[in-house]
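Peer 1: Questions regarding the structure given below will be posed in turn.
The values are calculated or read from the model by the stated rules, or taken from the named source; none is laboratory data. Note that the structure is predicted; figures quoted are calculated from it, not measured. Reconstructed Cβ throughout: ideal geometry from the backbone, glycine too, with neighbour counts over all protein chains shown.
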Amino acid sequence: MGKMLITGGAGFIGVNAADHFLSKGWEVTVLDNFSRKGTDINRAFLEGKHQSGLTIVKADIITDQDVLNQLCNEVDVVLHLAAQVAVTTSVTDPRSDFECNALGTFNVLEAVRQSSKKPMVIYASTNKVYGGLEHIGVEEGEKRYSFAGGLQGVTEETPLDFHSPYGCSKGAADQYVRDYSRLYGFDTVVLRQSCIYGPHQMGIEDQGWVAWFMIATMFKRPITIYGNGKQVRDLLYVDDLVAAYDTCIEHRKTVSGHVFNMGGGPSNTLSLLEFLAFLKDDLGMEVEYSYGDTRPGDQPMFISDNSTFEQMTGWITKTNTATGIANLLEWLKANKDSLQQFYST
Ligand SMILES: NC(=O)c1ccc[n+]([C@@H]2O[C@H](COP(=O)([O-])OP(=O)(O)OC[C@H]3O[C@@H](n4cnc5c(N)ncnc54)[C@H](O)[C@@H]3O)[C@@H](O)[C@H]2O)c1
C-alpha cells in the first residue's frame, strides 16, 4: 500500500474513503477546511478508529497552494473530493463556488504537475455536466418520469451541457483533470457521480436529499419537494463508490485519461415520491411533506449507464437501494445524539 491525499476527506464521501483505505493499510492524509457541518464528527470517527496511518491537515484548496504542493510531492494518489457541493449555493454565490470547484481543482492539478512524484488524480465529478438532457426527453408516469424512447441510462457520449454555476465549475474542473492527463502525461481519472448516499451523510435541504429526508423525518423538520416529486435519480451506495476509487487505483494505467459515468445504474433508481413511500411503508417512518417550485438546474431524471467502467475494470454495484437505505438509517439512529445539535432547530 502507499500514501494517499484525500481533499475533502472529512466530508461524507471522504470519511468513507479514508476509513476504507486506512483499513487496507494505506497512509492517508485528510485535507479539509472543515467548512461543512458534521466534519468534526467525521474527524472524531477517523481518529477514534485509526490509531496509525492517519494525518489530518486543516487547509484550504483555494488559498493553501504551498500545502498542496508539499503534500502532492509525498503521495502516490490524490483523491480530490473537496468542493462546494450545493447547486442552490452556487446560484446565490457563484464566485465562491467557482473559486472552490474550478480554481481549487486547478490548484490541485498544478501541485501535481509540479511535483516530482506525479501522483494519480481521481476526481469526483458530477452527472450535472450533462444538464437537463432536453434532447432525450422524458415521459411522465403516475409516480415517476422515465426517459423517452426506452433509454435505460446516460452514457459518456452524451454531449456536455453545463447547467447552474455548480455544473459549470465542476464541469470546468472535469475537463481540466482530463486535459492535464493528455497534456502533461500523468494519470488522472474523472468519475461523473450520480446521487451518492450512505453512512456519514449529513444531508441538508440543499444537498444530500436521501439523508436529508430521513434526518428531517427523525427531527420533525419540514420537508419540501421542489417540483412534482417525480424526478428520478439513480442511487449509488457509498461503499460501491469507494470500491470504484479502489478499482481505479488497481487499474491505474487502464483508466488513466478516461472519464466515466458512475451511479447506481438502471437497477437502483427511485423517484422522490417513491423514496418517501418507501420510508413510510417499508421503514415505518412518519413522513410529512409539502411542495415548492422546481429549483434551477434540477434534472427531471438521471440514470447513469456504468457499462464503460464495468467493462474496462470488472467493477459492479453490489448494494441495492433497500439495503443501502437501511444501513444509512441504522447509522443515523446510532448517531442521533451527535446529529441533534445541527438539526433540532
Ligand atoms: N454526494 C453526492 O451525491 C455527490 C454526487 C456527485 C458528485 N459529488 C462530489 O463528490 C465530492 C464529495 O462530496 P460529498 O458529498 O462528500 O460532500 P461533502 O460536503 O460532505 O464533502 C466535501 C468536503 O470538502 C470540504 N471543503 C469544502 N471546501 C473546501 C476548501 N475550499 N478546501 C478544503 N476543503 C473544503 C468540506 O468541508 C467537506 O468536508 C464533491 O466534489 C462533490 O461535488 C458528490
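Peer 1: Within region 211-222, how many residues turn out to be surrounded by 19 or more Cβ atoms within 10 Å (Cβ to Cβ) and either free of Cβ contacts under 8 Å to residues at least 12 places away in the same chain or farther than 15 Å from Ala86 by Cβ (or both)?
Peer 2: Going through region 211-222 one residue at a time, the tally reaches 6.
Results for (1) among the acidic types (Asp, Glu); (2) buried (at least 21 other Cβ atoms within 10 Å of the Cβ); (3) in contact with a helix residue (DSSP H, G or I) (Cβ under 8 Å, 6 or more places away or on another chain); (4) outside any strand (DSSP E or B), shown as yes or no for each residue.
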site: Phe34; (1), (2), (3), (4): no, no, yes, yes
site: Ile61; (1), (2), (3), (4): no, yes, yes, yes
site: Gln70; (1), (2), (3), (4): no, no, no, yes
site: Thr88; (1), (2), (3), (4): no, no, no, yes
site: Arg95; (1), (2), (3), (4): no, no, no, yes
site: Glu99; (1), (2), (3), (4): yes, no, no, yes
site: Ala111; (1), (2), (3), (4): no, yes, yes, yes
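Peer 1: Somewhere in region 43-52, is a residue in a helix (DSSP H, G or I), within 10 Å of the ligand (Cβ to nearest atom) and of a type outside the set (Phe, Trp, Tyr)?
Peer 2: Applying the first criterion (in a helix (DSSP H, G or I)) to region 43-52 yields 43-49.
Subsequent filtering for residues that are within 10 Å of the ligand (Cβ to nearest atom) retains 43.
Next cut, of a type outside the set (Phe, Trp, Tyr) only: 43.
Yes, some residue in region 43-52 is in a helix (DSSP H, G or I), within 10 Å of the ligand (Cβ to nearest atom) and of a type outside the set (Phe, Trp, Tyr).
Peer 1: Which of (1) over 17 Å from the mean Cα position of the chain (by Cα); (2) assigned to a strand (DSSP E or B); (3) more than 27 Å from Ile225 (Cα to Cα) does Val121 not meet, given it meets every other one?
Peer 2: It fails just one condition, (1).
Peer 1: Does any residue of region 132-148 turn out to be surrounded by 24 or more Cβ atoms within 10 Å (Cβ to Cβ), under 14 Å from Arg192 (Cβ atoms) and either aliphatic (A, V, I, L, M) or out of contact with any Leu (no Cβ under 6 Å at 6 or more places or on another chain) (or both)?
Peer 2: No, there is no match, as no residue in region 132-148 is surrounded by 24 or more Cβ atoms within 10 Å (Cβ to Cβ), under 14 Å from Arg192 (Cβ atoms) and either aliphatic (A, V, I, L, M) or out of contact with any Leu (no Cβ under 6 Å at 6 or more places or on another chain) (or both).
Peer 1: Can I ask one more? Can you find a residue that is within 21 Å of Val177 (Cα to Cα), more than 13 Å from the ligand (Cβ to nearest atom) and of a type in the set (Ser, Thr, Tyr) anywhere in region 137-153?
Peer 2: No, that holds for no residue.
Peer 1: Tyr197 - would you say it is aromatic (Phe, Trp, Tyr) and in contact with a helix residue (DSSP H, G or I) (Cβ under 8 Å, 6 or more places away or on another chain)?
Peer 2: Yes; evaluated as a whole, the condition is true for this residue.
Peer 1: Separate question: Which is closer than 19 Å to Phe106 by Cα, more than 7 Å from the ligand (Cβ to nearest atom), in a loop (DSSP other than H, G, I, E, B) and among the β-branched types (Val, Ile, Thr), of Val30, Val75?
Peer 2: Val75
Peer 1: Of all residues in region 156-191 being within 21 Å of Ser307 (Cα to Cα), acidic (Asp, Glu) and within 20 Å of the chain's Cα centre (by Cα), which is surrounded by the most Cβ atoms within 10 Å (Cβ to Cβ)?
Peer 2: Looking at residues that are within 21 Å of Ser307 (Cα to Cα), acidic (Asp, Glu) and within 20 Å of the chain's Cα centre (by Cα), I get Asp174.
Peer 1: More than 20 Å from Ala244 (Cβ to Cβ) and either in a loop (DSSP other than H, G, I, E, B) or in contact with a Leu (Cβ under 7 Å, 6 or more places away or on another chain) (or both): does that describe Asp337?
Peer 2: When the stated conditions are applied, Asp337 does not pass them.
Peer 1: Only residues that are out of contact with any Leu (no Cβ under 8 Å at 6 or more places or on another chain) and assigned to a strand (DSSP E or B): list them for region 224-242, please.
Peer 2: Thr224, Tyr226, Asp234, Leu236, Tyr237
Peer 1: With touching a strand residue (DSSP E or B) at 6+ places or on another chain (Cβ under 8 Å) and either at pLDDT below 95 or over 18 Å from Ile196 (Cβ atoms) (or both) as the only criterion, which of Leu79, Leu31 stands out?
Peer 2: Leu31
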